[in-house]
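Novice: Take a look at this one; I'll ask things after.
The values are calculated or read from the model by the stated rules, or taken from the named source; none is laboratory data. What you see is a predicted model, and the numbers here were worked out from it, not measured in a lab. Using ideal geometry, Cβ is built from the backbone for each residue, glycine included, and neighbour counts are taken over all protein chains shown.
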Amino acid sequence: MGLTIAQKIIKEHLIKGEMTVGNEIALRIDQTLTQDATGTMAYLEFETMGVPRVKTELSVAYIDHNTLQSGFENADDHRYIQSVAKKHGLKFSRPGNGICHQVHLERFGKPGKTLIGSDSHTPTCGGIGMLAMGAGGMDVAIAMGGGAYYITMPKMYKVNLTGKLNPFVTAKDVSLEILRILSVKGGVGAIIEWGGEGIKTLSVPERATITNMGTELGATTSIFPSDEVTKAFLKAEGREADFVLLESDADAKYDRIIDINLSELKPLIACPHSPDNIVTVESLKGTKVDQVCIGSCTNSSLFDMLKMAEMLKGKTIKPEVSLSVSPGSKQVLGMLADMGALSHIIASGARVLECACGPCIGMGFSPNSAGVSLRTFNRNFEGRSGTADGKVYLVSPETAVAAALTGEITDPRFMEPIGEIILPDVFKIDDSAVILPADEEEAESLEILRGSNIKPFPESKPQENLLRAKAVLKVGDNITTDHIMPAGAKILPYRSNIPYLSKFCFSVCDETFPERALEAKESIIIGGNNYGQGSSREHAALVPLYLGVRAVITKSFARIHVANLINAGIMPLTFENPDDYDKINQEDILSISDVFEGMDSGKMILADETTGEKFNLVCSFTQRQKDILKSGGLLKYVGLGNL
Ligand code: MIC
Ligand code: SF4
């Protein structure tokens, strides 16, 4: 039987397991990436393994999330990561060099290879035919140490594109269209392959916008073939030698096929507070806009920036609107400057920010109270912008500029036309902001530079046969990691200080949770569907662990978060009958006896001691996952000699 692109890469990297859907498989990982907000933890975890040099073909440590340095904390963490990279054989991408996904796509990603990154938008490199997945920091640490990455063998979905995008309709609108079709949980357990005649019209940056935002579908990853378009991009980056042709077999089988005609698409917009809350831009015409932000790993390529600059050329933005522009990388910013486009952006009244995540993760540029903010980003979860009642809409760069120029939501198709954007044949290549590791001999004597903001990990405990604890928190559907462990300028500096972070756990839903959880000592969280969607941050598991959470019981989980819970030694369980969720109240005392037998049989009985009712729970732990839970988390399991 023929294979899909992803199946071909999986087959070539398979270490253990059978490639049948739902089976656990172990993959050899060629490349890893980390960013600063998850990196400090990942490297502390890597250090506990005692491996002197990373064992991957390439590992890169980026600094891009928190570059504000509002106190010593970040500067110390950056210095720590830089010293680890130098000693342990990683490349270090300095702050200012750009957003990890954009830089990795430009300079390091390779078709046909595997990449895991401690950031959920790692699938961006799927735009050049790489099997690129987001993972928790511990999983990335294990891969750097030479261990495998475990995933559940996904289903294969195919999106067939026909036609060609009309002017002012963009790859971002394709991302929003697939979110409209599938929703934020429609991709869970699947890899999404993009194909059909229509892909020939999409450049690599456009493809990368689409694979980037596949994360919002909950997909394991998204991937494009590696073809002539990929080859031209790699050539422009001076990396033609990295090109390999990669396509699916003609008789490859897909679990679902979705057709999208690019010619029929209109500009779309995701309304607050979910990326799948999609309507046409036209339908919101006239809505007053306070702020516009252009950038993030979804829309910060040279292609996006050039289109935006062309629209802004010779114009100034409305006085009532504040516009930020964050180019994705030093390469993008440098080329914008060389090509003269930067001066159009500056002259328009835009505020040009650093090449970093910036406003996307709430690092400044929070909207005014109840402000309407149009952003070219990928997430608009409640509170993520830093303004609790801010209303964030997700749009393409074209729709963003149209709003900045008119002061209201405006379909960009009604703006003055711009000429075709032709990308240069050769990009500006300057890797001077990527610092190389020391050679092995020099590395031995190098010291790791630790700051006082780095606090010890929370102590994880082995799961026991009897679990008895209070349901300290009950939350609804689609709880994001931004609900569980918010980010933003005030909290992000403390990513290596779990005790401090714990004060903000679930603060978006219930500010009293941390205090009540600590008082209960041991607790259980009850959740709805798609619990833990969004970021790969393992802090959303480590902080609950610190607060005494022993199990999370939901209707369903998001992929990376469920792995992070197991890695932290917290048991993820699901209701056999989702309606039972309604019968449990916050504060009820719950118990499960025979946990170990239940782990083996896949069924457990949950007794609600407060109401006297009993409910069936299900789980499908592999032997490895059971062993991790019984050892008290992944690090302890690895410490027992199981790499
Ligand atoms: C995000 O977009 O939510 C982040 C910030 O990039 C996270 C990583 C983090 O929380 O550090 C992600 O997507 O994984
Ligand atoms: Fe950074 Fe935003 Fe991309 Fe996350 S989604 S990596 S915060 S730019």
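Novice: Can you report the number of residues in the stretch 332-348 which are out of contact with any Leu (no Cβ under 7 Å at 6 or more places or on another chain) and either within 16 Å of ligand 2 (Cβ to nearest atom) or part of a loop (DSSP other than H, G, I, E, B) (or both)?
Specialist: So the count comes out to 3.
Novice: Something else now. So is ILE269 at pLDDT 95 or above, part of a loop (DSSP other than H, G, I, E, B), away from ligand 2 (no atom under 16 Å from the Cβ) and surrounded by 15 or more Cβ atoms within 10 Å (Cβ to Cβ) or not?
Specialist: When the stated conditions are applied, ILE269 does not pass them.
Novice: Among the strands (runs of 3 or more DSSP E) confined wholly to the stretch 144-244, which include 3 or more residues that are modelled with pLDDT under 95 and at negative phi?
Specialist: Per the criteria, no element qualifies.
Novice: Shifting gears a bit: Among the residues of the stretch 443-495 satisfying the criterion of being closer than 30 Å to TYR80 by Cβ, part of a loop (DSSP other than H, G, I, E, B) and under 19 Å from the mean Cα position of the chain (by Cα), which is nearest to ligand 2 (Cβ to nearest atom)?
Specialist: Among those that are closer than 30 Å to TYR80 by Cβ, part of a loop (DSSP other than H, G, I, E, B) and under 19 Å from the mean Cα position of the chain (by Cα), it is ALA487.
Novice: Same structure, new question: Here is a check on your reading of the model: is ILE116 among the β-branched types (Val, Ile, Thr) and either more than 15 Å from ligand 2 (Cβ to nearest atom) or in contact with a His (Cβ under 9 Å, 6 or more places away or on another chain) (or both)?
Specialist: no
Novice: Of all residues in the stretch 359-379, which are more than 9 Å from ligand 2 (Cβ to nearest atom) and either in a loop (DSSP other than H, G, I, E, B) or among the hydroxyl-bearing types (Ser, Thr, Tyr) (or both)?
Specialist: GLY364, PHE365, SER366, PRO367, ASN368, SER369, ALA370, GLY371, SER373, THR376 - these are the residues of the stretch 359-379 that are more than 9 Å from ligand 2 (Cβ to nearest atom) and either in a loop (DSSP other than H, G, I, E, B) or among the hydroxyl-bearing types (Ser, Thr, Tyr) (or both).
Novice: Take the stretch 525-552 and flag every residue that is within 16 Å of ligand 2 (Cβ to nearest atom) and hydroxyl-bearing (Ser, Thr, Tyr).
Specialist: Within the stretch 525-552, SER535, SER536 meet the criteria.
Novice: Given the conditions (1) in a loop (DSSP other than H, G, I, E, B); (2) among the aromatic types (Phe, Trp, Tyr); (3) away from ligand 1 (no atom under 16 Å from the Cβ), which single one is not true for PHE303?
Specialist: Tallying (1) in a loop (DSSP other than H, G, I, E, B); (2) among the aromatic types (Phe, Trp, Tyr); (3) away from ligand 1 (no atom under 16 Å from the Cβ), PHE303 fails exactly one: (1).
Novice: Moving to a separate point now. Name the strands (runs of 3 or more DSSP E) wholly inside the stretch 1-107 in which the number of residues that are under 24 Å from the mean Cα position of the chain (by Cα) and in contact (Cβ under 8 Å) with a residue 40 or more places away in the chain is 3 or more.
Specialist: 24-27, 31-34, 58-62, 91-93
Novice: Given the structure, is PRO275 assigned to a loop (DSSP other than H, G, I, E, B), touching a Ser or Thr at 6+ places or on another chain (Cβ under 7 Å) and within 16 Å of ligand 2 (Cβ to nearest atom)?
Specialist: For PRO275, the condition - assigned to a loop (DSSP other than H, G, I, E, B), touching a Ser or Thr at 6+ places or on another chain (Cβ under 7 Å) and within 16 Å of ligand 2 (Cβ to nearest atom) - is not met.
Novice: Every residue in the stretch 472-493 that is surrounded by 22 or more Cβ atoms within 10 Å (Cβ to Cβ) and either over 21 Å from LEU518 (Cα atoms) or more than 14 Å from ligand 1 (Cβ to nearest atom) (or both), please.
Specialist: Matches in the stretch 472-493: VAL472, LEU473, ASN478, ILE479, THR480, ALA487, LEU492, PRO493.
Novice: I'd like to know if the stretch 249-271 contains one or more residues that are farther than 30 Å from LYS428 by Cα, within 16 Å of ligand 1 (Cβ to nearest atom), of a type outside the set (D, E, K, R) and under 25 Å from the mean Cα position of the chain (by Cα).
Specialist: yes
Novice: For the condition out of contact with any Lys or Arg (no Cβ under 9 Å at 6 or more places or on another chain) and among the acidic types (Asp, Glu), what is the one hit in ASP579, ASP588, ASP600, ASP608?
Specialist: ASP579
Novice: Please list, ordered by residue number, the helices (runs of 4 or more DSSP H) wholly in the stretch 554-643 having 3 or more residues that are surrounded by fewer than 14 Cβ atoms within 10 Å (Cβ to Cβ) and more than 25 Å from the chain's Cα centre (by Cα).
Specialist: The helices (runs of 4 or more DSSP H) meeting that bar are 595-601.
Novice: For residues in the stretch 380-402 being of a type in the set (A, V, I, L, M, F, W, C) and assigned to a loop (DSSP other than H, G, I, E, B), which is nearest to ligand 2 (Cβ to nearest atom)?
Specialist: PHE381
Novice: Checking the condition within 13 Å of ligand 1 (Cβ to nearest atom), more than 19 Å from VAL401 (Cα to Cα) and either without any contact (Cβ under 8 Å) to a residue 60 or more places away in the chain or not aromatic (Phe, Trp, Tyr) (or both), which residue from ALA356, ALA370 passes?
Specialist: Going through ALA356, ALA370 in turn, the sole match is ALA356.
Novice: Consider TYR157 against the criteria (1) touching a helix residue (DSSP H, G or I) at 6+ places or on another chain (Cβ under 9 Å); (2) surrounded by fewer than 23 Cβ atoms within 10 Å (Cβ to Cβ); (3) of a type outside the set (Val, Ile, Thr): it satisfies all of them except one. Which criterion is unmet?
Specialist: Result: TYR157 fails condition (2) only.
Novice: Also, quick follow-up: Here are some residues: GLY127, GLY117, GLY146. Which one is buried (at least 22 other Cβ atoms within 10 Å of the Cβ) and either away from ligand 1 (no atom under 15 Å from the Cβ) or more than 20 Å from the chain's Cα centre (by Cα) (or both)?
Specialist: Residue meeting the stated conditions: GLY127.
Novice: Looking at the structure I just gave you, is GLU408 closer than 29 Å to GLY534 by Cα, within 16 Å of ligand 1 (Cβ to nearest atom), touching a residue at least 40 places away in the same chain (Cβ under 8 Å) and of a type outside the set (Gly, Ala, Ser)?
Specialist: No: the conditions fail for GLU408.
Novice: Any idea how many residues of the stretch 119-143 are assigned to a helix (DSSP H, G or I), of a type outside the set (Gly, Ala, Ser), within 20 Å of ARG207 (Cβ to Cβ) and away from ligand 2 (no atom under 14 Å from the Cβ)?
Specialist: 1
Novice: Further question on the same structure: Report yes if GLU73 is within 16 Å of GLN31 (Cβ to Cβ) and out of contact with any Lys or Arg (no Cβ under 6 Å at 6 or more places or on another chain), otherwise no.
Specialist: No.
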